[in-house]
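Structure first, commentary second.
The values are calculated or read from the model by the stated rules, or taken from the named source; none is laboratory data. Model, not experiment: these values are computed from the prediction. Backbone-built Cβ (ideal geometry, glycine too); neighbour counts: all protein chains shown. For accessibility, only protein heavy atoms count, side chains too; no ligands or nucleic acids. Shrake-Rupley method; radii C 1.70, N 1.55, O 1.52, S 1.80 Å.
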There are 2 protein chains.
Amino acid sequence: MDKKKCSSSKEKCALQEILGVIGGKWSMSIIYALFTGKKRFSELERMVPNINTRMLVKELKNMEANGIVVREVFATVPPTVEYTLTTKGRKLEPIINELYKWGVEYVG
Amino acid sequence: MDKKKCSSSKEKCALQEILGVIGGKWSMSIIYALFTGKKRFSELERMVPNINTRMLVKELKNMEANGIVVREVFATVPPTVEYTLTTKGRKLEPIINELYKWGVEYVG
DNA sequence: CGGTATCCAATTTGATACTG
DNA sequence: CAGTATCAAATTGGATACCG
């Protein structure tokens, strides 16, 4: 949000702006988990290995602010909150899948 | 290197292992800079906005250890060091370009 | 030029406890 | 369940000094 911007031309910083949106340590894993459909907070917490509550909240807020996920609250008892990818978020699916394939082939 | 591994199944952690390789704050920007060919250390320092020497060294070492870049030293005066993408690294080109296009369309 | 080493400040992340 | 609050630990950033 209020991060220091690139000092030089905006052109050269595009990638870093993008990474500010989806380059967080956990963002891609969360997006990946959401490819299979809408998920509750606790489901994401289980699906994204090693993440903790604070970081999941933080990343989800960032992603929501950047229009990648939608947060829906249901006034049930106990409360239910569901997260879904937006169209913009779903456009990342082929890219992340390719990255995943790259990793499976080359990383391990 | 000696980061704590995922505790549960390896399957679910693949993405996070991949991000450990290319998900660093600067890795993709460095790789992006190397798409246009081999670069000297100081060129990279100029091409990757806002990075500092320490982090550039650190990321390059990590990338070299993971077989993404090759480091070549030439015993000239003053010394010359050049970094090049490996085949493995170049395979990331279409993926990062797609990511870039996604960002241009949706972020900037 | 291409680093390494060091010190310190700032930011980010992790772990745990707690709440509507 | 879905978070918030808080503090500790780790990482990063910045400046400076030094070296082969």
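Need one number: buried accessible surface between chains B and A, 1.4 Å probe, both sides summed, DNA, RNA and ligands left out, in Å² to 100. Let's see the in-between values first.
Values: alone 7910 and 7860 Å², together 12380 Å².
The buried area between B and A, both sides summed, comes to about 3400 Å².
Nm distances between the label at B:Thr80 and the same-position labels in the remaining copies, 7 Å along Cα→Cβ, shortest first?
6.6
Quick one, can you get me the convex hull of the C-alpha atoms of the protein assembly as shown expressed as volume per residue in Å³? Could the numbers behind the result be given before it?
On the way: hull volume 29.3 nm³, N = 216.
Output value, Cα hull per residue: 136 Å³.
Tell me the label-point distance for the pair A:Val104, A:Glu43, using the 7 Å Cα-to-Cβ offset, in nm and rounded to one decimal.
Label-label distance for A:Val104 and A:Glu43, simple model: 2.2 nm.
For chain A, which whole percent of the accessible surface, found with a 1.4 angstrom probe, sits on carbon and sulfur atoms?
Working: 3360 of 6170 Å².
Whole-percent figure for carbon plus sulfur exposure: 55.
For region B:13-106, build the convex hull from the C-alpha positions and give me its volume per residue in Å³. Write down the numbers at each step before the final one.
Values: hull volume 10.2 nm³, N = 94.
Convex hull of Cα atoms, per residue: 108 Å³.
Can you figure out the FRET efficiency of A:Asn52 with B:Met55, using R₀ = 35 Å and their beta-carbon distance, to the nearest 0.05? Kindly include the intermediate steps, with their values, before the conclusion.
On the way: r = 25 Å, r/R0 = 0.72.
Efficiency, from the Cβ-Cβ distance: 0.90.
Find the relative contact order for chain A and round it to a whole percent, using C-alpha pairs within less than 8 Å whose residues are 6+ positions apart.
On the way: 85 pairs, mean separation 27.2, N = 108.
After rounding, I find 25 percent.
Helix-only estimate, please: 222 nm mean residue ellipticity of chain A, summing -39500 (n - 2.57) across DSSP H runs of length 4 or more and dividing by its residues, to the nearest 500. Write out the running numbers ahead of the final one.
Working: 6 runs with 55 residues, N = 108.
Roughly -14500 deg cm²/dmol at 222 nm, from the helical runs in chain A.
Measuring nothing but label to label, 7 Å from Cα along Cα→Cβ, what are B:Lys38's distances to the other copies in nm, shortest first?
For B:Lys38, the inter-copy label distances come out at 5.5 nm.
Pop a pseudo-label 7 angstrom from the Cα along the beta-carbon direction at both A:Val77 and B:Arg90 and give the gap in nm to one decimal.
Using points 7 Å along Cα→Cβ, the separation is 6.5 nm.
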